[in-house]
Amino acid sequence: MLLASLLLQFCEACTAARSPAEVSALVERVTASLGFERFAMAGYPLPHESLEAYFLLNGWSPGWFKVYVEKNYFFSDPIVNLVRRADRTIVWSEAIRGQALSSKGRKIMREAADFGLVDGVTVPIFSRCGLVGLFSLAGRQVSLSVAHRDLLRIIAICAHTRLQDLRGTNDKKMTDVMITPSESECLAWCVAGKTAKEIGSLMRRSERTVETHLANLQRKLDAGNRAQLIAEAFRRGLQR
C-alpha cells in the first residue's frame, strides 16, 4: 500500500476512534504493517513524577514495561536524552553508533534487547509549548526512508491528538475555520505527501505562494509544523 493511502486510512480511522483502546488497536495495526513489533507513547514527566501515569499507549512487552518503570529508567535512557537534544525522529542503532554511553545507558539498551527491543525508532511529539511526548516503536532491525520517518511523525501526532481529545485534555478548541479554495487544494496535496515545490507545479503557482498558503493554514489551525497541520486537518474534518 502506498504511504499516502496508509496515512489517509489511519488518520480517518483515528479521528473517528471512540476510545483509547481503539486508537491503540489502530496504532498496532499500522505499525505492524511497517514491520514493528512493539510500541509505546508517553507524555514527558517531571523528574519527581511517576512515568507510569504518563503512558498513553503501552504496546511494550509486560516484562519490559515493569522493569522500565520500577527502575525509573526514563531519565537515564540514552534514546530519550538523544531525542530531546536532537528534536527529530531517530533510529536507535543509528543514534547510539559512536556514542560514548554511560554504564547505565549501556545497561538499559542491553536489557531492552533481552526483551526483544533490539532496534527501534523514537519520534518526539511537540506542541507550541515544546516537547510534550515520545512515540517509540521497536523491532529486530530497522531501516527507514525519509518518507517513512515523516509518516511516523504524522501517525504519532494524530494518535496523540486523538488520545488527548478522548481524555478531555486537549486545549485546542474545535472552532470553525475558514480556508480559501487555494488553501484547501494546498492542504489536500500536503496530506498526499507532496512538497511545496511539487504542489506549486501541480497548482501552477510559485513555491513561495504555496509556502504562504501552508503558513496561513498552520496559523489558522494552530499547528506548529506540517505534521501537526495534517493531524489537525483530519481532527477538524477538513480532510476525509
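The values are calculated or read from the model by the stated rules, or taken from the named source; none is laboratory data. Values in this document were obtained by computation on a predicted structure and should not be read as measured data. Cβ placement follows ideal geometry from the backbone for every residue including glycine, while neighbour counts extend to all protein chains displayed.
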Legend entry - Filter result for Trp64 (closer than 18 Å to Arg153 by Cβ and among the aromatic types (Phe, Trp, Tyr)): no
Inset, instruction - Could you please let me know if Val146 is closer than 30 Å to Leu82 by Cβ, touching a strand residue (DSSP E or B) at 6+ places or on another chain (Cβ under 8 Å) and among the β-branched types (Val, Ile, Thr)? - result: no
Legend entry - Cβ-Cβ under 9 Å pairs, at least 6 apart or on other chains, segment 80-97 side within 17 Å of Tyr44 (Cα to Cα), far side part of a helix (DSSP H, G or I) and of a type in the set (Phe, Trp, Tyr): Val80/Phe74; Asn81/Phe75; Leu82/Trp92
Inset, instruction - State all residues of segment 32-58 that are small (Gly, Ala, Ser), over 20 Å from Leu163 (Cα atoms) and in contact (Cβ under 8 Å) with a residue 60 or more places away in the chain; if no residue qualifies, say none. - result: Gly35
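Here are some residues: Ala138, Ala223, Ala215. Which one is of a type in the set (A, V, I, L, M) and touching a helix residue (DSSP H, G or I) at 6+ places or on another chain (Cβ under 6 Å)?
When all the criteria are applied, what remains is Ala223.
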Legend entry - Number of the condition not met by Lys107 [criteria: (1) closer than 30 Å to Ala25 by Cβ; (2) surrounded by 14 or more Cβ atoms within 10 Å (Cβ to Cβ); (3) among the charged types (D, E, K, R)]: (1)
Legend entry - segment 119-153, subset in contact with a Gly (Cβ under 7 Å, 6 or more places away or on another chain) and of a type outside the set (Gly, Ala, Ser), residue surrounded by the most Cβ atoms within 10 Å (Cβ to Cβ): Leu137
Inset, instruction - Please indicate, with yes or no, whether at least one residue in segment 189-212 is on the phi < 0 side of the Ramachandran plot and either modelled with pLDDT under 85 or in the same structural domain as Leu7 (by TED's automatic domain parsing) (or both). - result: yes
Inset, instruction - Can you work out which of the residues in segment 181-236 that are without any contact (Cβ under 8 Å) to a residue 12 or more places away in the chain and in a loop (DSSP other than H, G, I, E, B) is nearest to Leu2 (Cα to Cα)? - result: Lys194
Inset, instruction - Kindly indicate whether any position in segment 29-51 is at negative phi, acidic (Asp, Glu), surrounded by fewer than 17 Cβ atoms within 10 Å (Cβ to Cβ) and part of a loop (DSSP other than H, G, I, E, B). - result: yes
Inset, instruction - Please determine, by comparing only the residues of segment 1-23 that are within 24 Å of Gly130 (Cα to Cα) and within 15 Å of the chain's Cα centre (by Cα), which one is surrounded by the most Cβ atoms within 10 Å (Cβ to Cβ). - result: Cys11
Inset, instruction - Please give the number of the condition Val210 fails out of (1) under 30 Å from Pro20 (Cβ atoms); (2) crowded, with 18+ Cβ neighbours inside 10 Å; (3) hydrophobic (A, V, I, L, M, F, W, C). - result: (1)
Inset, instruction - Could you identify the single residue in Gly59, Gly63 that is crowded, with 19+ Cβ neighbours inside 10 Å and at pLDDT 90 or above? - result: Gly59
